[in-house]
1. Looking at (1) in contact (Cβ under 8 Å) with a residue 60 or more places away in the chain; (2) under 21 Å from Leu153 (Cβ atoms); (3) among the aliphatic types (A, V, I, L, M), which is the only condition Ala124 fails?
2. Please verify whether segment 93-102 includes one or more residues that are open to solvent by 30 Å² or more (accessible area, probe 1.4 Å), acidic (Asp, Glu) and at pLDDT 85 or above.
3. Taking the condition of being of a type in the set (Lys, Arg) and under 24 Å from Phe23 (Cβ atoms), how many residues in segment 40-55 meet it?
4. Kindly list the number of the only condition in (1) touching a Phe, Trp or Tyr at 6+ places or on another chain (Cβ under 7 Å); (2) at pLDDT 90 or above that fails for Met107.
5. For segment 8-49, how many residues meet the condition of being under 22 Å from Gln130 (Cα atoms) and either loosely packed, with under 10 Cβ neighbours inside 10 Å or among the polar types (S, T, N, Q) (or both)?
6. Under 8 Å by Cβ, and 6 or more places apart or on different chains, what pairs join a residue from segment 53-70 that is in contact (Cβ under 8 Å) with a residue 24 or more places away in the chain with one that is among the basic types (Lys, Arg) and open to solvent by 100 Å² or more (accessible area, probe 1.4 Å)?
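The values are calculated or read from the model by the stated rules, or taken from the named source; none is laboratory data. This structure is a prediction, so every number in the text was calculated from the model and none was measured. Ideal geometry is used to build each Cβ from the backbone, glycine not excepted, and the neighbour counts take in all protein chains shown. Keep in mind that these areas ignore ligands, DNA and RNA; they rest on the heavy atoms of the full protein, side chains included. Shrake-Rupley method; radii C 1.70, N 1.55, O 1.52, S 1.80 Å.
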Amino acid sequence: DKDQADWDDISHLHEVGTLCSVFDIRRDPAAGPFVHVFGLQRIRIEKQIHGRPHVMAKIRQIQSKMPEESRKDYIKAYIQEIVRVMADLIKVNPTTRDYLMQLRHTMDQNPSRIADYAAAATSAQGAELQDVLETIDVDERLPKGLLLLKKELDMSNFQRSVAKQIEEKMTSQQ
């Protein structure tokens, strides 16, 4: 059948992805299953080596291009801003609060991971997240992660504003 045929090869997959370990699986009655994973390494699919019944591919690890030592202050500024925006997001977005709190306790000062954490903490769409994932140069990835995080903060603030306005209207009508 059509659904099975979609999984006979890797042509529908992105070339760059993440090898992950499952951290937690939760079932939300309203939203369905939610899987928390811990990214272990960036990978690139080189070729398919097996088809049915289990698709398998040869992969290789991708090393992030770390910034030059002369860019240390630039990187530090981005990391500090990401941490600040995460703290602000924790205050206003109950949906991501638990995830962000968990991230803040496990985050190290690796700029590559921090950029990934920033992107992962958002509700960004697949194409935006894939763009961050495929950005190997950390100098370029940090601003992308921060931008997604700031968009998330702006959206959360806007949602709070709308909710407050509706609540005020309901209160005034009673």
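1. (1)
2. Taking every residue of segment 93-102 in turn, none turns out to be open to solvent by 30 Å² or more (accessible area, probe 1.4 Å), acidic (Asp, Glu) and at pLDDT 85 or above.
3. Total meeting the criteria: 2.
4. (2)
5. 9
6. From residues that are in contact (Cβ under 8 Å) with a residue 24 or more places away in the chain, the pairs are Ala57/Lys47.
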